[in-house]
Amino acid sequence: MKSDASPEELYAARKEIRHLKDTLSSLRRKLDQSAADQDHVVQQVIATSHDEMEHLKKTLVALREELAQRSIDQHQAVQGAVAASSNEIAQLKSALADLRHHLDIKRMEKDEAVQEALVSASIEIDDFKETITTLRSALESGRINRDAGIQKAIADASGEMVQIKNTLMSLREQWSRARDQYQDELQKQERSFRDQHRHLQQTVEMIREQLEEHNGQK
């Protein structure tokens with residue numbers, strides 16, 4: 001089959017084919033370079049993401065360690081506050097025990113003084129009774145007509161007995177007042193101890209609530 005194309009047309013066609021081949025080759029090189037560039041970018045992104053993940057992991061570990069340390073510190077602070085409150089309560093209990101012991105000693109001393117006064121008064125009364133008995137015996141045995149003197153002696157003895165009885169009543173009243181004062185003082189001390197104990201419990205509870213609120217905020 002004979003071609004109808006002229007040599008110029010064939011030359012132009014070949015030239016255009018060669019140009020197309022060059023263009024295609026250039027496009028392939030650009031595509032290869034673009035793929036290489038994209039692969040490099042992807043590798044950089046992957047490396048950057050890996051570094052960021054490692055940094056985040058280290059940050060997370062550090063935060064966990066800090067949180068654990070703060071929890072330990074807060075626990076120690078609570079334990080310290082509770083220990084201080086326990087020590088203060090123990091001191092208050094010891095002070096209250098000492099006060100009770102002191103009051104008991106005072107009460108025993110007052111009781112002993114009252115008993116001694118009662119014994120002394122009883123001895124004096126017995127002496128007066130013996131004196132009266134002696135006077136009556138002398139009157140009966142000697143038939144001494146000294147009614148006025150004897151009556152006076154009896155009256156004097158009776159008056160002294162009345163004074164002794166009044167003294168005993170006064171001592172009993174003083175002992176009763178001292179006992180009431182002791183009871184009042186003991187009740188005041190017990191109320192003071194209860195108030196201080198309640199205040200300490202409220203203080204410990206407030207510290208615990210503040211620590212719990214602090215932990216919650218963190």
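In summary, ALA117 fulfils each of the numbered conditions (1) surrounded by 11 or more Cβ atoms within 10 Å (Cβ to Cβ); (2) modelled with pLDDT of 70 or more with the single exception of condition (2).
Selection of first residues in the range 194-218 that are closer than 13 Å to VAL78 by Cα and of second residues that are not hydrophobic (A, V, I, L, M, F, W, C), restricted to Cβ pairs under 7 Å at least 6 apart or on distinct chains, gives the following pairs, ordered by first then second residue: THR203/SER85; VAL204/SER85; LEU211/GLN74; ASN215/GLN74. Going through (1) in contact with a helix residue (DSSP H, G or I) (Cβ under 8 Å, 6 or more places away or on another chain); (2) not assigned by TED's automatic domain parsing to the domain that holds MET206 one by one, LYS57 falls short only on (1).
The values are calculated or read from the model by the stated rules, or taken from the named source; none is laboratory data. Quick caveat: nothing in here was measured; it's all calculated off a predicted structure. Neighbour counts run over all protein chains shown; Cβ positions are idealised from the backbone, glycine included.
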